[in-house]
1. Condition check: away from ligand 2 (no atom under 16 Å from the Cβ), more than 21 Å from residue 119 (Cα to Cα) and more than 11 Å from the chain's Cα centre (by Cα). Does residue 60 satisfy that?
2. Please determine whether any residue of the range 106-121 is more than 19 Å from residue 3 (Cα to Cα), at pLDDT below 95 and buried (at least 18 other Cβ atoms within 10 Å of the Cβ).
3. Test residue 24 against the criterion of being at pLDDT below 95 and more than 10 Å from ligand 2 (Cβ to nearest atom), and give yes or no.
Ligand code: SF4
Ligand code: SF4
């Protein structure tokens, strides 16, 4: 079995605190952090990684565009993750996004599982 994953990131933190997003790619490979839920999957593929659209969090228009582009390329996504960078932005940098609310909005709009967080390094 396999899972196709898309990750949303904090525009302000990505590539500053996690250069190259190595932490997320490592965690997927290790099935660590929030990716531990895929421990029984033979394959986990990150099919997309995009940012929130910058402050104050223009995430939904980007998500709609992302889904349209995935479909146009014949790609699927099973699960959407909000990166740990977004979680940290909320917890430490006054990010205005309400991740719990955005999770519900995404789930209702896209009918996909949404997970808050990625790696825990
Ligand atoms: S949490 Fe993941 S997506 Fe966000 S900056 Fe770090 S490695 Fe990149
Ligand atoms: S809205 Fe939040 S997640 Fe997006 S760039 Fe601003 S602080 Fe980062």
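The values are calculated or read from the model by the stated rules, or taken from the named source; none is laboratory data. These figures come from a predicted structure and were not determined experimentally. Methodologically, a virtual Cβ is constructed for each residue, glycine included, from the backbone with ideal geometry; neighbour enumeration extends over all protein chains shown.
1. Working: away from ligand 2 (no atom under 16 Å from the Cβ): no; more than 21 Å from residue 119 (Cα to Cα): yes; more than 11 Å from the chain's Cα centre (by Cα): yes.
Answer is no for this residue.
2. no
3. Working: at pLDDT below 95: no; more than 10 Å from ligand 2 (Cβ to nearest atom): yes.
No; evaluated as a whole, the condition is false for this residue.
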